[in-house]
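Structure first, then comments.
The values are calculated or read from the model by the stated rules, or taken from the named source; none is laboratory data. Just so you know, these numbers come straight off a predicted model, no measurement behind them. Reconstructed Cβ throughout: ideal geometry from the backbone, glycine too, with neighbour counts over all protein chains shown.
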Amino acid sequence: MTIHAILVLALAAFPAGARTPASFDVSVDPRFELLGVVQRLSGRARADDAAAGYRERVDGRFAAFREHAAVASYRELASIASREEASATILLYYTDPPELKLKDKNADIHYLNGPGDAEAMHRFLHELRGFARDSDFMGFYRENRGYYAELERAARVPLGGIDPIAEIERYLGMSLATRARYILAPLNPAARAFISPYPLPPSNAGAKAFEAYTVAPGLLGDVFSNSYWHEPLYVFVDPGVYYFEKLNVPSPEDFYGPEVARCRASSPNCVKELAVNAIIEHLNRKAGLPSVLEENEHFYGELERARIKALSARLDEYDARRDRYPTLWDFFPRWFGVFEEAAFPGRAPRRLSVPAEPRIRAAPDFFDPALTSALLRTGAR
């Protein structure tokens, strides 16, 4: 089943609305290919054969640079997990090689707050610029544009002309004001995702637009469960959970139960991840696609699986009552009521609500200081 057929089936019940220009792009990015070359020279080879011919070209072209300072610098950087993760996203803040200039001197760059982190990263970037110049990396990149164009074309085929952001917005009932950027990185050993600015209040007050990056090793694939939809959903779920909890959850343990509350305390994304995967699981189920839980059987424990299934099932009510719940934010109290019901069966559930006014019509509304201040004041009455 193609992505186009999947989305027609999953979303046919909702009004199409006005079509806007595509709010996503799929591309091979020279910054991440440069990083991939250095990663490969440092010994971080991919296990699959999807890009075997390309890897051979990389190995032949850059064999003389295995002892370059940038390779040694990356090995040192990658020995610390947080710094390796930072290296996988920091290039988003810089221009294309070989210059790699910082785009915004005031950028809030994540993962560089630990002792020595900033110094190590700046040293690596300095060496990476040198590697790009010394090896004429951009010459190699231009030589392989045909290969990259084929990767980009193949990744777009399963979408069948569908705009992922537009379809997500139809389901949520609101604008995300987000551009999704899917970066194909055939040499990259692991998928990464990042949103700029990160949509977690109260930081980034006044944010009006977001960019959701997904760095994917090779093709994005035919199943939409994780590749195309996962990261953009956080633009809504992150602020939605934040304000729902502010309005309704004074004690996480007394609402989520001790197990989920512990998970939430140890990982801020715990509850949000359950919510995002429940949305994807729901749409997969309606479209007859494989379950997210089946695809990631080893990843979820029994409790996480139960909560995702229950949240997914509750969305059937949202689908059936879009006249009463125009947006998923309007449905949030019924949806998240699943947590309390599951944690405390038999206990009379508390009254959960989000104010009807001020209206939250788009994700940036969660970052409008006047709107969110009024939201909290109204909710406190």
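Mind checking which residues of segment 158-201 are outside any helix (DSSP H, G or I) and without any contact (Cβ under 8 Å) to a residue 40 or more places away in the chain?
Hits for segment 158-201 are Ala191, Ala193.
What residue, among those in segment 202-218 that are more than 15 Å from Pro239 (Cα to Cα) and in a loop (DSSP other than H, G, I, E, B), is modelled with the highest pLDDT?
Applying the filter and picking the extreme gives Pro217.
Looking at segment 299-312 only, could you name the residues that are more than 24 Å from Ser353 (Cβ to Cβ), small (Gly, Ala, Ser) and in a helix (DSSP H, G or I)?
Ala306
Which one is surrounded by the most Cβ atoms within 10 Å (Cβ to Cβ), of the residues in segment 299-312 that are more than 21 Å from Tyr171 (Cα to Cα) and of a type in the set (Gly, Ala, Ser)?
In this case the residue turns out to be Ala306.
Here's a check for you: in segment 313-364, which residue that is under 25 Å from the mean Cα position of the chain (by Cα) and part of a loop (DSSP other than H, G, I, E, B) is farthest from Ala207 (Cα to Cα)?
Only one residue fits best here, namely Pro326.
Just wondering, is there one or more residues in segment 150-163 that are modelled with pLDDT under 95, crowded, with 16+ Cβ neighbours inside 10 Å and over 26 Å from Ala287 (Cα atoms)?
Checked against the condition, which is being modelled with pLDDT under 95, crowded, with 16+ Cβ neighbours inside 10 Å and over 26 Å from Ala287 (Cα atoms), segment 150-163 yields at least one hit.
Would you point out which residue out of Arg351, Arg307, Arg314, Arg322 is on the phi < 0 side of the Ramachandran plot and either modelled with pLDDT under 95 or in contact with a Ser or Thr (Cβ under 7 Å, 6 or more places away or on another chain) (or both)?
After ruling out the rest, the residue left standing is Arg351.
Across segment 11-28, what is the total count of residues that are surrounded by 15 or more Cβ atoms within 10 Å (Cβ to Cβ) and either at pLDDT 95 or above or closer than 16 Å to Gly161 by Cβ (or both)?
5
Inside segment 109-149, can you point out the residues that are in contact with a Ser or Thr (Cβ under 8 Å, 6 or more places away or on another chain), among the acidic types (Asp, Glu) and at pLDDT below 95?
Of everything in segment 109-149, just one residue is in contact with a Ser or Thr (Cβ under 8 Å, 6 or more places away or on another chain), among the acidic types (Asp, Glu) and at pLDDT below 95, namely Asp117.
If the requirement is being hydroxyl-bearing (Ser, Thr, Tyr) and in contact with a Leu (Cβ under 7 Å, 6 or more places away or on another chain), which of these qualifies: Tyr54, Tyr74, Tyr93?
Exactly one residue qualifies, and that residue is Tyr93.
Would it be correct to say that Gly43 is farther than 30 Å from Asn204 by Cα, of a type outside the set (Lys, Arg) and assigned to a loop (DSSP other than H, G, I, E, B)?
Spelling it out, Gly43 is indeed farther than 30 Å from Asn204 by Cα, of a type outside the set (Lys, Arg) and assigned to a loop (DSSP other than H, G, I, E, B).
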